[in-house]
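The values are calculated or read from the model by the stated rules, or taken from the named source; none is laboratory data. Computed from a predicted structure; not experimentally measured. With ideal geometry, Cβ positions are generated from the backbone for all residues, glycine too; neighbour counts draw on all protein chains shown. Quick note on the areas: whole protein, heavy atoms, side chains included, nothing else; ligands and nucleic acids left out. Shrake-Rupley method; radii C 1.70, N 1.55, O 1.52, S 1.80 Å.
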Amino acid sequence: ALNTNYFAWMWKRAKGYCDVVAYSGTGSARTVTHNLGVAPEMMWVKCRSEAQDWVVYHKGMDSSSPEDYGMYLNDTASRVDSANFWNDTAPTSSVFTVGTAAKSNGSSKTYIAYLFATVSGVSKLGSYTGNGSSQTIDCGFTNGSKFVLIKRINDTGHWQIWDTTRGLVD
């Protein structure tokens, strides 16, 4: 059994799968260039120069305009409808847009952004509608999943993480 309250997961930068971008905030809506090569399906943005929440974009936060919403990776709150995070602009294969929020683009602040996308057999970024009971979610992996992260978007609730080290069975 593991006897710690702290865990770390690491991702390797790879075209089409994961990119990491450092940038400086301006306080005005702007685009930030990335090298993912595809439109990010999930982004985590963290201010490095002061204490701020981690802001999350996910393609499944809304069926028609996920770029209108954000959530916090370090909080239990439901999604927030605000142009301040992503300026209501969907990410593309070369840029993502940040609005005026101090959490994602404060003037003279420094940021780090982690961008993720689906790669067949490696990663799957998706969403599902819960049924209030147990259900099976097919992630498309023939050999099973190694890491699963979920968060309810329409109400408060903790982020849930399962991995093969702490009980997820492939």
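Tabulated results
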{"read-out": "Point-to-point label distance, residue 160-residue 102, nm (Cα→Cβ direction, 7 Å offset)", "value": "3.4 nm"}
{"read-out": "Nearest-0.05 FRET efficiency for residue 90 and residue 141, computed from C-beta distance (R0 45 Å)", "value": "0.95"}
{"read-out": "Sites residue 48 and residue 8, calculated FRET efficiency, Cβ-Cβ separation with R0 22 Å, nearest 0.05", "value": "0.80"}
{"read-out": "Protein accessible area in the chain, 1.4 Å probe - carbon and sulfur %", "value": "47 percent"}
{"read-out": "Estimated FRET transfer efficiency (residue 149, residue 81; beta-carbon r; R0 25 Å; 0.05)", "value": "0.65"}
{"read-out": "Label point distance in nm, residue 64-residue 26, each placed 7 Å from Cα along Cα→Cβ", "value": "3.0 nm"}
{"read-out": "Overall form of segment 4-54 per C-alpha gyration tensor (a/c, 1.5; a/b vs b/c)", "value": "oblate"}
{"read-out": "Value at 222 nm in deg cm²/dmol, rounded to 500, when DSSP H runs of n ≥ 4 in the chain each add -39,500 (n - 2.57)", "value": "-500 deg cm²/dmol"}
{"read-out": "Heavy-atom accessible area per residue - the chain, 1.4 Å, Å²", "value": "58 Å²"}
{"read-out": "Cα shape, segment 1-116, gyration tensor, a/c 1.5 rule", "value": "rounded"}
{"read-out": "The chain: most fluctuating residue of 142, 76, 100 per GNM, C-alpha cutoff 10 Å", "value": "142"}
{"read-out": "Within segment 63-135: Cβ-based charge dipole about Cα centre, in debye rounded to nearest 20 (Lys, Arg +1; Asp, Glu -1)", "value": "220 debye"}
{"read-out": "Point-charge dipole on Cβ atoms (K/R +1, D/E -1) for segment 1-152, about Cα centre, debye to 20", "value": "480 debye"}
{"read-out": "Loop sites in segment 76-170: chymotrypsin sites (Phe, Trp or Tyr not before Pro), DSSP, at most 14 other Cβ within 10 Å", "value": "128, 141"}
